[in-house]
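See structure below.
We did not get these values from a lab; they are worked out from the coordinates using the rules stated. Keep in mind the model is a prediction, meaning the values are calculated, not measured. FYI the Cβ positions are ideal-geometry reconstructions off the backbone, even for glycines, and counts take in every protein chain you see.
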Amino acid sequence: MSEWFARPVLFVADVGRSVDFYVNQLGFTRAWTYDEEGKALVAQVDRQGCALILSSQWPKKVGTALMFISLDPDVLHALRVELEGKGVAVKDGEWGYRLMVVHDLDGNELYFPYPSEPQP
């Protein structure tokens, strides 16, 4: 494979609970899960080309991830409507520009930047 394929790892306390949140609340699909002794330790969720790995293998890192996801303006607006319709807490943020911010169950942050306003 000559092209890079990056997948960030988000640290979670309970993989099964997190997969349920990402699938049922955020609209991802479950790609795969790695279990040991009947307990899920790692899983991947996907949504429209965005692949995230959820891992409970480093408990000291739970809730420390920050992920930027860039979307077209129409898609971003539709996503906000979708998430709010499912009861997901969607916040406005700022990091030098406007953001839509979603926290997962462990406090990992998903930042969705709004497109820059055209300069006059």
Describe numerically, in nm with one decimal, the distance between label points set 7 Å from Cα along Cα→Cβ at SER116 and at ASP72.
2.1 nm
In whole Hz, the Karplus estimates of ³J(HN,Hα) for the stretch 24-38 (6.51, -1.76, 1.60; θ = phi - 60°; x where Gly or Pro) are 7, 9, 9, x, 7, 10, 7, 8, 6, 9, 10, 10, 9, 6, x
Under Karplus coefficients 6.51, -1.76 and 1.60, residue-wise ³J(HN,Hα) of the stretch 85-91 in Hz, glycine/proline x:
x, 8, x, 6, 6, 10, 10
Return the calculated 222 nm mean residue ellipticity for the chain, to the nearest 500 deg cm²/dmol, obtained by summing -39500 (n - 2.57) across DSSP H runs with n ≥ 4 and dividing by the residue count.
-6000 deg cm²/dmol
Karplus 3J(HN,Hα) series, Hz, for the stretch 50-62 with 6.51 cos²θ - 1.76 cosθ + 1.60 (x for Gly, Pro)
9, 10, 10, 9, 10, 9, 9, 7, 10, x, 5, 9, 4
Given a Förster distance of 35 Å, the FRET efficiency implied by the Cβ-Cβ spacing of GLU36 and SER2, rounded to the nearest 0.05, works out to 0.55
How much length would be gained if the chain were fully extended between LEU105 and ASP92, taking 0.36 nm per residue of separation minus their Cα-Cα distance, in nm to one decimal?
2.9 nm
Quick one: putting +1 on the C-beta of Lys and Arg, -1 on the C-beta of Asp and Glu, what dipole do you get for the chain around its Cα centre, in Debye to the nearest 20?
180 debye
Against the 2.2 N^0.38 Å scaling, with N counting residues, where does the stretch 1-63 land? I'd like the Cα-based Rg ratio to two decimal places.
1.12
Fraction of beta bridges assigned by DSSP in the stretch 9-113 that are antiparallel (%, nearest 5):
80 percent
Equivalent ellipsoid semi-axes for the chain, as square roots of 5 times the alpha carbon gyration tensor eigenvalues: give them largest first, rounded to whole Å.
27, 16, 14
